[in-house]
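Quick notes on the structure that follows.
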Amino acid sequence: MNTSMHAIDARQVLASRAGSKLDSMSVIEPLRLQVDRLENAVNTVKLALYVFDHQGQLVLVNQPLLQLLEIESERDLLGLSLQEFGRYLTEKLGPVVGGSSRLDSFLNLGGLREKSALNLVFESHQVLHVAHTPSPSGGYVHTLEDVTARRDAEAKASHLASHDALTNLPNRRLLKQHIDVALYEDSADCAVLCVALDRFKSVNDKLGFSGGDALLIEFGKRLRSCVRDEDTVGRLGGDQFVVLIASALSRGEMEGLSQRVVAEIAKPFEVLGHSILVAARVGVAMAPMDGNNADRLIKSADMALFAAKREGSTRYCFFDPVFEEQARERQTLEVDLRKAVSKKEFELHYQPVFSARQRKLVGFEALVRWNHPTRGRVSPVDFIPVAEELGLICELGDWIINEACRTAATWPDGISIAVNVSARQFMNHDLYSVVTQALLRNGLAPARLEIEITESALMESSGEIESTLQRFRHQGIGLAMDDFGTGYSSLAYLRRFHFTKVKIDRSFINGLATDTQSIAIVRAILALCKSLNIVVTAEGIETEAQADILRLENCEFLQGFLLGRPAPQMDIQTLLVGA
């Protein structure tokens, strides 16, 4: 029998009731047709369905229920009470999460006279949604829907909404919830660290985004290893992570934690078969003095992180209220700088470079200046890093290259012009085309142009920088390493990039007349460069004693306030006369 009706054949019941009074063929056939239609309707419903009569016995089931319970015949079910059916469910599907109390809630549905519903969650992780509908005649109908896949999808969506897709760490949304809970439960006695990597972009440039992603995953694991189980590590985005210290640590303990984080991140990372060295910066904010809600604490820690980045030598920094004023000033500076770059509100000043032995003018270095309409003169130390971070340095740099070449083309032959170029200019656009077009446009010989790049910029070097420098060298353009001696791998850079000039950083020149170590370092640099056929310029010359020592040590070129300060084009004309 393939029907899902009660074991007593409904067709026979209908026939027996009608046979004594009416012609069976005229009555039974229409009723049989209605029963068939009802059976078809019950079995084509997608939901598993079962019906109890007024006596509490199971009188009707459908095919989806049989399929759900993996049984062939309804005979195993018909006549069961709700309690018996409940036990049958747990035999088939396993124990219910919540045990007898949850199963009792299911069984109690039988006595309810209004619609209701609940979820039965089994230890197998299967979830059935039970809907209870009472019948006017005294029985009731239940439907069962397997919502396991839907619940899993909802749980996955909820997890994705609160966790970082790459590292699987809490995202900003969940971090804020954890911070708010910590503030409430621990009476505002918690701390937040913002942690970011130095030179992360160089990893992406070297290993691609897959390498950068792998580094971020390992970075999150390293942070997790530095803190306690009750603390939270999350990712805000990019290379910036947040650590929530859920219960109080003293300022001294927080310093120790920050130092531990810095030391742990400084250890080599193994990424895609490469050993990668990076460094971390840490900003610390402590509740309640630095903030009494999640947004405020994260913002304070972020400002402290920015201060640590700005200091350069500082690896971690605690929040200070003065940072807020600095942040407002920076925001204003960013707006003004965008306007200044679009309107070309800059000018170039030119600092002379002389031969050491004859004190003859040989060239100038182009230095950008910004005269703000209300701030007055803004130092390049303040606005150049901002231009780098905002991505404005390429547009500004293109203008500097073109303006420097235009001006130098009016000078006598033999007077060169040096232009500083950042690592981002090499990596973000076709710098080679910008330079060569500027030379052609202004009729300046390539040999009269010198491209300067700092040693620190080379620390972020990529294949793009190396290939562009080689193209400049082949074109006859001079290449100078600026601030020589202040980085980590000077000798390796000299061999790799084939510089034509080295500029000794002013920090080695300051003590030249009094410090024997400074003399020894300068002498060693000069000897090294001579053996490599690289000429040397000493920067920061402020006294005749310094100039005399460098001349005696056979340094080729001198630059500094003693010989001439940076000045606009109109003020250097006297130097050019007779050059």
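The values are calculated or read from the model by the stated rules, or taken from the named source; none is laboratory data. As the structure is a prediction and not an experimental result, all values here were calculated from the model. Counting neighbours? That spans all protein chains shown, and the Cβs are built from the backbone with ideal geometry, glycine included. We work out accessible area using only protein heavy atoms, side chains counted, and drop any ligands, DNA or RNA first. Shrake-Rupley method; radii C 1.70, N 1.55, O 1.52, S 1.80 Å.
Based on what the data block shows, is residue 508 closer than 25 Å to residue 475 by Cβ and surrounded by 17 or more Cβ atoms within 10 Å (Cβ to Cβ)?
On the way: closer than 25 Å to residue 475 by Cβ: no; surrounded by 17 or more Cβ atoms within 10 Å (Cβ to Cβ): yes.
When the stated conditions are applied, residue 508 does not pass them.
Could you please find all residues in the range 329-383 being free of Cβ contacts under 8 Å to residues at least 24 places away in the same chain, assigned to a strand (DSSP E or B) and open to solvent by 50 Å² or more (accessible area, probe 1.4 Å)?
377
Pull out all pairs, ordered by first then second residue, where Cβ-Cβ is under 7 Å, the residues are six or more apart or on different chains, the first lies in the range 454-470 and is within 11 Å of residue 493 (Cβ to Cβ) and of a type outside the set (S, T, N, Q), and the second is assigned to a helix (DSSP H, G or I) and modelled with pLDDT under 65.
As it stands, the answer is 455/490, since those pairs meet every condition given.
Which pairs turn up if I take residues in the range 232-252 that are among the charged types (D, E, K, R) and look for partners that are buried (at least 18 other Cβ atoms within 10 Å of the Cβ) and part of a strand (DSSP E or B) with beta carbon separation below 6 Å, at least 6 apart in sequence or on another chain?
So the pair list comes out as 235/241; 239/196; 239/197.
Would you be able to say whether some residue in the range 282-298 is within 18 Å of the chain's Cα centre (by Cα), assigned to a strand (DSSP E or B) and under 17 Å from residue 195 (Cα atoms)?
Checking the range 282-298: at least one residue is within 18 Å of the chain's Cα centre (by Cα), assigned to a strand (DSSP E or B) and under 17 Å from residue 195 (Cα atoms).
So that you can scan it fast, the table gives a plain yes or no per residue for (1) without any contact (Cβ under 8 Å) to a residue 40 or more places away in the chain; (2) in contact with a Pro (Cβ under 8 Å, 6 or more places away or on another chain); (3) of a type in the set (D, E, K, R); (4) within 15 Å of residue 226 (Cα to Cα):
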position	(1), (2), (3), (4)
257	no, no, no, yes
263	yes, no, no, yes
273	yes, no, no, no
293	no, no, no, no
298	no, no, no, no
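Residue 524 - would you say it is without any contact (Cβ under 8 Å) to a residue 24 or more places away in the chain, open to solvent by 50 Å² or more (accessible area, probe 1.4 Å) and aliphatic (A, V, I, L, M)?
Numbers: without any contact (Cβ under 8 Å) to a residue 24 or more places away in the chain: yes; open to solvent by 50 Å² or more (accessible area, probe 1.4 Å): yes; aliphatic (A, V, I, L, M): yes.
Against the criterion (without any contact (Cβ under 8 Å) to a residue 24 or more places away in the chain, open to solvent by 50 Å² or more (accessible area, probe 1.4 Å) and aliphatic (A, V, I, L, M)), residue 524 qualifies.
Residue by residue through the range 183-230, note down the ones that are more than 17 Å from residue 278 (Cβ to Cβ), of a type in the set (Asp, Glu) and open to solvent by less than 30 Å² (accessible area, probe 1.4 Å).
Across the range 183-230, there are no qualifying residues.
Kindly check whether there is at least one residue in the range 272-280 that is modelled with pLDDT of 90 or more, open to solvent by 20 Å² or more (accessible area, probe 1.4 Å) and farther than 30 Å from residue 375 by Cα.
Within the range 272-280 (the criterion being modelled with pLDDT of 90 or more, open to solvent by 20 Å² or more (accessible area, probe 1.4 Å) and farther than 30 Å from residue 375 by Cα), the answer is no, since none of the residues qualifies.
Would you mind telling me which numbered condition in (1) over 22 Å from the mean Cα position of the chain (by Cα); (2) more than 27 Å from residue 399 (Cβ to Cβ); (3) surrounded by fewer than 18 Cβ atoms within 10 Å (Cβ to Cβ) residue 323 fails?
Tallying (1) over 22 Å from the mean Cα position of the chain (by Cα); (2) more than 27 Å from residue 399 (Cβ to Cβ); (3) surrounded by fewer than 18 Cβ atoms within 10 Å (Cβ to Cβ), residue 323 fails exactly one: (3).
Among the numbered criteria (1) closer than 19 Å to residue 55 by Cβ; (2) open to solvent by 40 Å² or more (accessible area, probe 1.4 Å), which one does residue 101 miss?
The single condition residue 101 does not satisfy is (1).
Restricting the search to the range 454-503, which residues are acidic (Asp, Glu), modelled with pLDDT of 80 or more and more than 16 Å from residue 536 (Cβ to Cβ)? Write out each step before concluding.
Kept after step one, since they are acidic (Asp, Glu), are these residues of the range 454-503: 455, 460, 464, 466, 482-483.
Still in the running and modelled with pLDDT of 80 or more: 466, 482-483.
Within the range 454-503, 466 is the sole residue that qualifies.
Does residue 498 satisfy being open to solvent by 70 Å² or more (accessible area, probe 1.4 Å), touching a Lys or Arg at 6+ places or on another chain (Cβ under 8 Å) and of a type outside the set (Lys, Arg)? Show your work before the answer.
Values: open to solvent by 70 Å² or more (accessible area, probe 1.4 Å): yes; touching a Lys or Arg at 6+ places or on another chain (Cβ under 8 Å): yes; of a type outside the set (Lys, Arg): yes.
So residue 498 passes the test.
If a residue has to be closer than 16 Å to residue 368 by Cβ, in a strand (DSSP E or B) and of a type in the set (S, T, N, Q) to count, how many in the range 404-456 make the cut?
Number of matching residues: 2.
Just to be sure I understand, how many residues within the range 527-573 are in a helix (DSSP H, G or I), farther than 30 Å from residue 406 by Cα and either within 43 Å of the chain's Cα centre (by Cα) or free of Cβ contacts under 8 Å to residues at least 60 places away in the same chain (or both)?
From the range 527-573, those in a helix (DSSP H, G or I) are 527-531, 544-552, 569-573; that's our starting set.
Add one more test, that the residue is farther than 30 Å from residue 406 by Cα, and what stays is 527-531, 544-552.
When the remaining residues are screened for being either within 43 Å of the chain's Cα centre (by Cα) or free of Cβ contacts under 8 Å to residues at least 60 places away in the same chain (or both), the result is 527-531, 544-546, 548-549, 552.
Selection size over the range 527-573: 11.
Identify, please: which residue in the range 72-86 is modelled with pLDDT under 90 and surrounded by fewer than 19 Cβ atoms within 10 Å (Cβ to Cβ) and is, among those, farthest from residue 146 (Cα to Cα)?
75
Which one of these does residue 513 not meet: (1) in contact with a helix residue (DSSP H, G or I) (Cβ under 9 Å, 6 or more places away or on another chain); (2) open to solvent by 10 Å² or more (accessible area, probe 1.4 Å); (3) modelled with pLDDT of 90 or more?
Status for residue 513: all satisfied but (3).
I'm trying to understand the selection: among the residues of the range 299-320, which are assigned to a loop (DSSP other than H, G, I, E, B) and either in contact with a strand residue (DSSP E or B) (Cβ under 8 Å, 6 or more places away or on another chain) or within 21 Å of residue 243 (Cα to Cα) (or both)? Outline the logic, then answer.
Pass one, the range 299-320, residues assigned to a loop (DSSP other than H, G, I, E, B): 312-315, 319-320.
Within the range 299-320, 314, 315, 319, 320 qualify.
Return the total of residues in the range 402-413 being surrounded by fewer than 23 Cβ atoms within 10 Å (Cβ to Cβ) and either among the aliphatic types (A, V, I, L, M) or modelled with pLDDT under 90 (or both).
Within the range 402-413, residues that are surrounded by fewer than 23 Cβ atoms within 10 Å (Cβ to Cβ) and either among the aliphatic types (A, V, I, L, M) or modelled with pLDDT under 90 (or both) number 1.
Assuming residue 269 fulfils every condition listed in (1) modelled with pLDDT of 90 or more; (2) among the aromatic types (Phe, Trp, Tyr); (3) within 25 Å of residue 330 (Cα to Cα); (4) surrounded by fewer than 23 Cβ atoms within 10 Å (Cβ to Cβ) apart from one, which condition is it?
Looking at each condition in turn, residue 269 falls short on (3).
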